[in-house]
Amino acid sequence: MSGFVEKPEPIQVPGLVHLHTGKVRDLYRDEDGGLVMVASDRISAYDWVLPSEIPDKGRVLTQLSLWWFEQLADLAPNHVVSTELPDGAPAEWAGRTLVCRSLDMVPVECVARGYLTGSGLAEYQETQTVCGLALPEGLSDGSELPAPIFTPATKAAVGEHDENVSYEEVARQVGAETAAELRQLTLAVYSRARDIARERGIILADTKFEFGYDGERLLIADEVLTPDSSRFWPAASWEPGRPQPSYDKQYVRDWLTSPASGWDRRGEQPPPALPAEVVERTRAKYVEAYELLTGTPWA
């Protein structure tokens, strides 16, 4: 059992048609056929969208994505048309709303890994491979890989796990030409972002992208290189062989699985609300990632 603990009612705005409520974003279509994406302050963990929100999280995700889109514009065109609020939109949408092109989305999570951790580590420990790619012996949690790898996953519905798949399976699903373009673009964007982050004292361990076609052009879509879609580690404390401190919702995961929460991850009950301290410390992690990467104080 998983999903939303309490699924919110979508805000109704004249001229906009509500299409979807996701883990974080609400999606609308405007009268011109474009998409309006609104990033909420919702947070998910272990396939549950929690009842607590993290103040400013949606704005941080949106503003950081916009900053990265600028850094990557020469490598990967994106779907953003405007950041202006649609007429009649509520004031709380300011800073968290993107008006975007409607794309023919590729049904693949395009994951790039430069370091071994998470589901990649679990697979490596069993088979010494990740998504069918053989890796050297002797790697441990947090090890840097000899070169970044493309490890795609199938996209899952809310409450379900994405499933790692081989490159060959992606080629079978979307065609060899599209698969090759996805791999090339994913690794190029990851490598650019890894170098930018490293200059700012942050390791970009792994990240995932979504792409869609605007006619024949492949555009990067949704969010990009945020703490929700990436693992960011402080470079100064990086030490392979153990879990790394990170700028993301790991603090939330750790609390949920601690005795303090009283929650059984393997049970059927939804997770509880987060304590105020966990909410504030999680917010601080998101803000710190934004400030370190962009060099700009969070307003």
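The values are calculated or read from the model by the stated rules, or taken from the named source; none is laboratory data. All figures in this text were calculated on a predicted structure; none of them were measured in a lab. In this analysis, Cβ positions are derived from the backbone assuming ideal geometry, glycine residues included, and neighbour counts consider all displayed protein chains.
Here are the numbers for the structure shown:
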| read-out | value |
| --- | --- |
| Top-ranked residue of the stretch 261-296 - restricted to ones that are of a type in the set (Gly, Ala, Ser) and not in a helix (DSSP H, G or I), ranked as modelled with the lowest pLDDT | 267 |
| Some residue of the stretch 26-38 being modelled with pLDDT under 95 and hydroxyl-bearing (Ser, Thr, Tyr) | no |
| Residues that are among the hydrophobic types (A, V, I, L, M, F, W, C) and either under 26 Å from residue 290 (Cα atoms) or assigned to a loop (DSSP other than H, G, I, E, B) (or both), drawn from the stretch 244-260 | 252, 255, 256 |
| Subset of the stretch 45-77 (residues that are without any contact (Cβ under 8 Å) to a residue 12 or more places away in the chain and assigned to a loop (DSSP other than H, G, I, E, B)) | 73, 74 |
| Extreme residue, farthest from residue 119 (Cα to Cα), among residues of the stretch 7-44 that are within 17 Å of the chain's Cα centre (by Cα), touching a residue at least 40 places away in the same chain (Cβ under 8 Å) and surrounded by fewer than 19 Cβ atoms within 10 Å (Cβ to Cβ) | 22 |
| Criterion: of a type in the set (Val, Ile, Thr) and outside the structural domain of residue 117 (by TED's automatic domain parsing) - qualifying residue of 279, 224 | 279 |
| Failed item in (1) on the phi < 0 side of the Ramachandran plot; (2) more than 19 Å from the chain's Cα centre (by Cα), with residue 132 passing the rest | (1) |
| Criterion (touching an Asp or Glu at 6+ places or on another chain (Cβ under 6 Å), basic (Lys, Arg) and within 27 Å of residue 144 (Cα to Cα)) met by exactly one of 249, 208 | 208 |
| Segments classed as strands (runs of 3 or more DSSP E), wholly inside the stretch 78-152, with at least 2 members that are out of contact with any Pro (no Cβ under 9 Å at 6 or more places or on another chain), closer than 21 Å to residue 24 by Cβ and at pLDDT 95 or above | 80-82, 97-100 |
| Single residue of the stretch 244-299 satisfying the filter (of a type in the set (Phe, Trp, Tyr) and free of Cβ contacts under 8 Å to residues at least 40 places away in the same chain) that is farthest from residue 116 (Cα to Cα) | 263 |
| Residues being touching a helix residue (DSSP H, G or I) at 6+ places or on another chain (Cβ under 8 Å) and hydrophobic (A, V, I, L, M, F, W, C) - total across the stretch 137-148 | 1 |
| Matching option when the condition is hydroxyl-bearing (Ser, Thr, Tyr), touching a Pro at 6+ places or on another chain (Cβ under 8 Å) and closer than 30 Å to residue 183 by Cα, among 247, 213 | 247 |
| Selection count where residues are without any contact (Cβ under 8 Å) to a residue 60 or more places away in the chain and closer than 29 Å to residue 39 by Cβ, scope the stretch 94-120 | 4 |
| Failed condition for residue 279, given (1) over 20 Å from the mean Cα position of the chain (by Cα); (2) surrounded by 16 or more Cβ atoms within 10 Å (Cβ to Cβ) | (1) |
| Count of the stretch 162-176 residues which are surrounded by 13 or more Cβ atoms within 10 Å (Cβ to Cβ) and either outside any strand (DSSP E or B) or in contact (Cβ under 8 Å) with a residue 60 or more places away in the chain (or both) | 9 |
| Hits in the stretch 38-72 (condition: of a type in the set (A, V, I, L, M) and in contact with a His (Cβ under 9 Å, 6 or more places away or on another chain)) | none |
| Residue check, residue 141 crowded, with 16+ Cβ neighbours inside 10 Å, of a type in the set (D, E, K, R) and over 17 Å from the mean Cα position of the chain (by Cα) | yes |
